[in-house]
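Student: The following block contains the structure, expressed as structure tokens.
The values are calculated or read from the model by the stated rules, or taken from the named source; none is laboratory data. Please read all numbers here as calculations on a predicted model, not as lab measurements. Every residue, glycine as well, gets a Cβ built from its backbone with ideal geometry; the counts of neighbours run over all protein chains shown. We work out accessible area using only protein heavy atoms, side chains counted, and drop any ligands, DNA or RNA first. Shrake-Rupley method; radii C 1.70, N 1.55, O 1.52, S 1.80 Å.
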Amino acid sequence: MKMNKKYMLTALALASTLIVAGNASAFDGWHVEDATTIPGKGSGWDYVALDQQHHHLFIGHRKEGLQVFDTTTHKVVKVIAGTATAGSNGALLMPEFDLGISNNQDGTVTPFKLSTLEAKPAIKLGADLDTSHYDSATKRVVVNMGGEADGTDLIVLQAPALDIVGKIHVPTKSPEHAEADGKGNFYLTARDIDTVLRLDTSTLKITASWKTPGCGQTTGLTLDAAHDRIFLGCRGRGETQPSFVVMNAATGAVIYKSDIGGGNDEVVFDPDLKRVFLANGINAVLNVFEQVDVDTYKPVDAMGTRAGVRTMAIDAKTKKIYAVASEGSADYTKKVLTTVSPYYANTFFDNKFTVLTITKD
């Protein structure tokens, strides 16, 4: 049958529209592109951070130190000096100052230059610490110290000198992930009391405290700061299942909730892809949600990973995700973190630590 030119152009335009619409709701197909094993002794780990400019993934490998993994050569190119004995839990990166710090389990932070990876003397802040966060609005670093009987003192440092400017006492023994919105607000999860705290890093005050109904053991957190949305990863508690929760950052109201895998630690948001990623180490699954609009979300992928994949970083340019895992076991002659799982690994085997590169079709 013969078609006139106008009809053909209309048909092609309609077909193109349908293809785009179909792709928008298609299965993402996230998968492991590469798995590189790093030789070394078995050791626990925690956070990872990515320096896109230098193609460096910083891995808090505790007794192995803060390892610097080159994402182009897939090799460890450096261990930041002094961080193996200090027990690195991960790094905080501040590219505007050519500055990074290793967050060490012994209560110190080790500053280093991102460009040369040269370390400076460690700064002692307390008996032990977990991680730290950066507020670009005030140029301040907030450090999660170890919990005490009545809560936790967050130590606040002024970048780039890292001088102590004060403390913020928070009513939680388990401060976890945090992020600043660049507009003067700093949001922190309190895992033990199922709460999100909003802080002001200039006045060192708590400005809001919101319970997280339906979100037990509130742990992972990231922001869509442009639209005042908080994305939470929840490990679950009692009858409350592990879940992904979206909150209004202005009011604390819960907007959306969906089940996820167990053992969440990290939540990542990519505003270009309109995707929220949640890494869950117990069920070894990476849950992926689409942000349809600021109040509408839907699950699009649940990729099987490896046991222990709970922290990650995304390259904003290549859209590749980097995560780490190792073969391990729960040795019941030692302390097991039963709040996470009755079989949570506490012993890891030599030469089994692996960096995963995750991408999509």
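Student: Need the full-extension length gain, K317 to D293, defined as separation in residues times 0.36 nm minus the C-alpha distance. One decimal, nm.
Tutor: Residue separation times 0.36 nm, minus the Cα-Cα distance, leaves 6.4 nm.
Student: Dipole of region 273-361, Cα-centred, from +1 at each Lys and Arg C-beta and -1 at each Asp and Glu C-beta, to the nearest 20 debye?
Tutor: Using only the charged Cβ atoms, the result is roughly 140 debye.
Student: Also: Through the Karplus equation 6.51 cos²θ - 1.76 cosθ + 1.60, θ set to phi - 60°, convert the phi angles of region 156-172 into ³J(HN,Hα) values in whole Hz; use x for Gly and Pro.
Tutor: Using θ = phi - 60°, the values come out as 10, 10, 9, 7, x, 5, 6, 6, 6, 10, x, 9, 10, 8, 10, x, 9 Hz.
Student: Sticking with this structure for a sec: Each label point is 7 Å from the Cα along the Cα-to-Cβ direction; what then is the distance between the points at L273 and R306, in nm?
Tutor: Placing both labels 7 Å along Cα→Cβ, they lie 2.0 nm apart.
Student: May I ask for the longest run of the chain untouched by trypsin sites (Lys or Arg not before Pro) that are loop-located per DSSP and have at most 11 neighbouring C-beta atoms (other than their own) within 10 Å?
Tutor: 3-182
Student: Near the amide H of V165, under 5 Å away, which other amide H atoms are found, from residues 5 or more places off or on another chain, if H is placed in the peptide plane?
Tutor: Long-range HN contacts for V165: V156, L157, Q158.
Student: Compute the separation of the alpha-carbon centres of region 72-131 and region 310-325 and state it in Å as a whole number.
Tutor: So the separation of the two Cα centres works out to 19 Å.
Student: Of the accessible area of region 183-299, with the probe set at 1.4 angstrom, what percent is carbon plus sulfur?
Tutor: Carbon-and-sulfur percentage of accessible area, whole number: 48.
Student: Please calculate how many Å² of accessible area region 146-289 carries per residue, with a 1.4 Å probe and no DNA, RNA or ligand atoms counted.
Tutor: Value for region 146-289: 35 Å² per residue.
Student: Semi-axes of the equivalent ellipsoid for the chain, please: Cα gyration tensor eigenvalues, times 5, square-rooted, ordered largest first, whole Å.
Tutor: After scaling each eigenvalue by five and taking roots: 35, 25, 22 Å.
Student: Next question. In terms of solvent-accessible area of protein heavy atoms at a 1.4 angstrom probe, what is the ranking of W210, W30, highest value first?
Tutor: Correct descending sequence by accessible area is W210, W30.
Student: If one takes the longest principal axis of the Cα atoms in the chain, at what angle in degrees, from 0 to 90 and to the nearest 10, does the Cα axis of helix 5-24 lie?
Tutor: Around 30 degrees separate the two axes.
Student: I'd like the Karplus ³J(HN,Hα) series for region 28-39: coefficients 6.51, -1.76, 1.60, θ = phi - 60°, whole numbers in Hz, and an x wherever there's a Gly or Pro.
Tutor: After applying 6.51 cos²θ - 1.76 cosθ + 1.60, I find 5, x, 5, 7, 7, 8, 8, 9, 10, 8, 9, x Hz.
Student: Assuming R0 = 25 Å, can you tell me the calculated FRET efficiency for the pair H55 and T85, based on Cβ-Cβ distance, to the nearest 0.05?
Tutor: E between H55 and T85, to the nearest 0.05, is 0.40.
Student: Hey, what do the phi angles of region 49-59 turn into as Karplus ³J(HN,Hα) couplings, whole Hz, using 6.51/-1.76/1.60 and θ = phi - 60°, x for Gly and Pro?
Tutor: Ordered by residue, 3J(HN,Hα) equals 9, 10, 9, 5, 4, 9, 6, 10, 9, 8, 10 Hz.
Student: Under the √(5λ) rule applied to the eigenvalues of the Cα gyration tensor, what semi-axes describe the equivalent ellipsoid of region 24-78? Give them in Å, descending.
Tutor: Each semi-axis is the square root of five times an eigenvalue, giving 25, 14, 12 Å.
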